[in-house]
Ligand code: ADP
Ligand code: MG
């Protein structure tokens, strides 16, 4: 799977330019094990990188015109702009820059944000024009962060070819800035950090306030377990609707509690919060506060007892997203319930919600049984068939060729 995507990026580059790329870089999508909508509240998350990756085959242009061209198998037409124009295109107030289709705002936004990053602006190499060809096997819009994968692959390539010298955390910030300000999606830093920092068999325990990241061994395979992804194929959209409203509710809740962010509210503060705010705001706050605690608990349980013991935390996380944060949809609830009924140790929706995927922690030899049960439950509810596959914690962004 992986190798063909790498080769496809090289082939697309050849189609675009008639020559071989100077290099190929890649970065993975991610699954969030636990810690949802905590990232933009300065809280804790525990994602891991998945085997599905986005590849960027990139070459320096010899014409000296300082233009950047991006092509993707995702889109029919390449998009070309002058690097000098980037500052006029971004940031976008409306979420769309004239003449830049949304998909191209991800790689072009990365080029813009990287040129603006601390210590980079003075580097002459950032004026060098590039051709970029992108392929991916990360499901798009499934909550597995194809967006962070394209950002991190592009950022890694540009960092090397422009000799910008940014470290992985700085590159994650570049990706986030592109997504927030060039695409107009108000997402947190989790996805980019997972895509940049992933390691085989490890989850990334990330403090989104300090950006302190620690790898936590997951030991899934060793314990005879597997993680099943159940992509509902219900498309979500971060740049519109519910995601922004949830962020606003969190900001409102923090303001009422008189703290900079919900990270500063503890489970013990919840009774006071309930007295101070309306029911909806309180439930949004309660999700974030209890979810932060569940991430801390999950890390501790993984370290002390191993992955077999985290099932209940996953289930509690899903209930909190369904009932308090109200970001689940019937397809996600059905996937979670059917997986649990078929013997999963735990299951929860993952990603921003309103569609996308759920995960289930299951016995390795129960993959077929749980998949069949989820498929049957979808059919019985009249939902389109889900896409179901297993994932293992995998490597983060890297140069492949
Ligand atoms: P998710 O990150 O859950 O997959 P998002 O809505 O955050 O969903 O990001 C998906 C968007 O990212 C796509 O609609 C497209 O604009 C862009 N994108 C992702 N992968 C690619 C790719 N390989 N080529 C071009 N654009 C991509
Ligand atoms: Mg995304």
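Odds and ends about this structure:
- Between the helical axis of 2-17 and the longest alpha-carbon principal axis of the chain there is an angle of about 30 degrees.
- Given R0 = 35 Å, the distance between the Cβ atoms of residue 369 and residue 305 translates into a calculated FRET efficiency of 0.90.
- Between the Cα long axis of helix 168-177 and the first principal axis of the chain there is an angle of about 90°, rounded to the nearest 10.
- Relative intensity, log₁₀ I(q)/I(0), of the stretch 218-391 from a Debye sum that treats every alpha carbon as a point, q = 0.10, 0.16 Å⁻¹: -0.42, -0.96
- In the chain, the calculated helix contribution to ellipticity at 222 nm averages -12500 deg cm²/dmol per residue, counting -39,500 (n - 2.57) for every DSSP H run with n ≥ 4.
- Altogether, the Stokes-Einstein calculation at 4 °C and 1.567 mPa s, with the Kirkwood radius of the stretch 2-215 over Cα pairs as Rh, returns a diffusion coefficient of 77 µm²/s.
- Relative contact order of the chain, defined on C-alpha pairs under 8 angstrom at six or more residues apart (%): 23
- Each Cα pair under 8 Å and six or more residues apart adds its sequence gap; the mean of these over the residue count of the stretch 218-391 is a relative contact order of 34 percent.
- Scoring 286-296, 30-40 by mean Cβ neighbours within 10 Å over their residues and listing the highest first yields 30-40, 286-296.
- Stokes-Einstein diffusion of the stretch 242-317 at 25 °C, 0.890 mPa s viscosity, Kirkwood radius from Cα pairs, rounded to a whole number: 185 µm²/s.
- Potential extension, residue 163-residue 84 segment - 0.36 nm per residue separation minus Cα distance: 26.6 nm
- Note on residue 4 and residue 209: the model spin-label points, each 7 Å out from Cα along the C-beta direction, lie 4.7 nm apart.
- Across the stretch 124-261, the fraction of Cα-Cα pairs farther apart than 26 Å, rounded to a whole number, is 36%.
- Most fluctuating residue given options 193, 277, 349, as computed from a GNM of the chain linking Cα atoms under 10 Å: 277
- C-alpha long axis of helix 367-381 to longest principal axis of the chain, angle in °: 80
- By the Kirkwood approach, averaging reciprocal distances over each pair of separate Cα atoms, the chain gets a hydrodynamic radius of 21.4 Å.
- Mean separation of Cα contacts under 8 Å, 6 or more apart, over the residue count of the stretch 2-215: relative contact order %: 30
- Ordering 26, 394 from the fewest to the most neighbouring beta carbons within 10 Å gives 394, 26.
- Alpha-carbon spread of the stretch 83-188, three principal axes, descending order, Å: 37, 27, 26
- Fewest-first ordering of 13, 74 by other beta carbons within 10 Å of each residue's beta carbon gives 74, 13.
- With R₀ set to 45 Å, the beta-carbon distance separating residue 276 from residue 399 gives a calculated FRET efficiency near 0.30.
- Each listed q (0.17, 0.18, 0.19, 0.20 Å⁻¹) maps to a log10 I(q)/I(0) for the stretch 2-89 from the Debye sum over equal C-alpha point scatterers, namely -0.86, -0.90, -0.93, -0.96.
- Sorting the segments 160-169, 330-339 by their mean number of nearby beta carbons within 10 angstrom, highest to lowest, gives 330-339, 160-169.
- Remark: the Cα gyration tensor places the stretch 284-377 in the oblate category, a/c being 1.5 or greater and a/b not exceeding b/c.
Rule-based calculations on the coordinates, nothing more; no lab input. Just so we're clear, the structure is a prediction, and the values are computed from it rather than from any experiment. As a convention, Cβ positions derive from the backbone with ideal geometry for all residues, glycine included, and neighbour counts pool all protein chains shown.
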